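For reference, the structure discussed in these notes is given below.
The values are calculated or read from the model by the stated rules, or taken from the named source; none is laboratory data. Please read these numbers as outputs of a predicted model, since none were measured by experiment. All Cβ positions, glycine included, derive from the backbone under ideal geometry; neighbour counts span all protein chains shown. Heads up: the accessible areas ignore ligands, DNA and RNA and are worked out on the full protein's heavy atoms, side chains in. Shrake-Rupley method; radii C 1.70, N 1.55, O 1.52, S 1.80 Å.
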Amino acid sequence: MEDNTFDPELIRTIFRLVWERRGAEREKNQFSETEAEVGPSTSKRSRLTSANANALKLSCELLRVFVTEAIQRAATMAEAEGNHIIEASHLERILPQLLLDF
Amino acid sequence: MASDAERVEEEEEESASELLRDRFRLCTIAIAEAEAKQNGMEVSQPIMACISDLAFKYAQQLAKDLELFAQHGGRKSVNMEDVILSAHRNDHLSASLRSFCNDLKAKEPQSDRKRKKNTKKEDKAAADVLHIADP
């Protein structure tokens, strides 16, 4: 399709940051809840989630579609007003449906 | 002292996330500007920032969803089915993702054994879709 899309490596870094944060939180909660019960499962659970290359490309596509949809819908709104610049009011009007659709 | 260390850690995390947000914003602006140009439109700067922040939040939400889906499937690694599942509320979107996913699979050079495995999986996925399709 189009050449413009997100860099899969960038998306991987963003995902990893979220997963690291969630992993750290989970660990903290586990420690406070069951400090005595440190079984073999903890090492397994602390392993971070990862994503394969195709899944990342697909996520990039999903995010690209999100951005293009936002622009397309806002552009339709602006056009209806005979405007050539997308302004805040156009985005405001399409935002609820956009967020419901994704 | 512990709180100091924590604060430093938090700050580091914050700056890492800030940097990612900026890089993400550049990508978003490139995509959005190209899209607007095709429509003969211009996008005002605050709207651009707004859209890229939205997309960034969406990406973080997506990361959370994908992790949960993978965990639910008993996996540690996110695969394409998880990504498609995250768009299950929107039929058009999941159909478009599904075709993109098939394109990616077709492009991939594979060994015979792997291809067999994948076709089996694909068949299964197709069967699942059919199953869902008729009530």
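I need the full set of residues from the stretch A:73-102 which are within 7 Å of chain B (Cβ to nearest Cβ) and within 21 Å of residue B:95 (Cα to Cα), in order please. I'd like the intermediate steps shown before the answer.
At the first step, the residues of the stretch A:73-102 found to be within 7 Å of chain B (Cβ to nearest Cβ) are A:75, A:78, A:84-88, A:91, A:101-102.
The answer is A:101, A:102.
Selection of the stretch A:21-42 for residues being over 15 Å from the mean Cα position of the chain (by Cα) and at pLDDT 80 or above yields A:23, A:24, A:25, A:26, A:27, A:28, A:29, A:30, A:31. Applying the condition of being facing chain A (nearest Cβ under 7 Å) and not aliphatic (A, V, I, L, M) to the stretch B:53-73 and asking which residue is most open to solvent (accessible area, probe 1.4 Å) yields B:64. Evaluating residue B:50 against the criteria (1) open to solvent by 40 Å² or more (accessible area, probe 1.4 Å); (2) more than 7 Å from chain A (Cβ to nearest Cβ); (3) in a helix (DSSP H, G or I) leaves one unmet condition, (2). Here is the figure for the stretch A:48-102: residues that are surrounded by 18 or more Cβ atoms within 10 Å (Cβ to Cβ) and assigned to a loop (DSSP other than H, G, I, E, B) total 2. Whether a residue is of a type in the set (Gly, Ala, Ser), under 22 Å from residue A:52 (Cα atoms) and assigned to a loop (DSSP other than H, G, I, E, B) was assessed, and residue B:59 does not pass this test.
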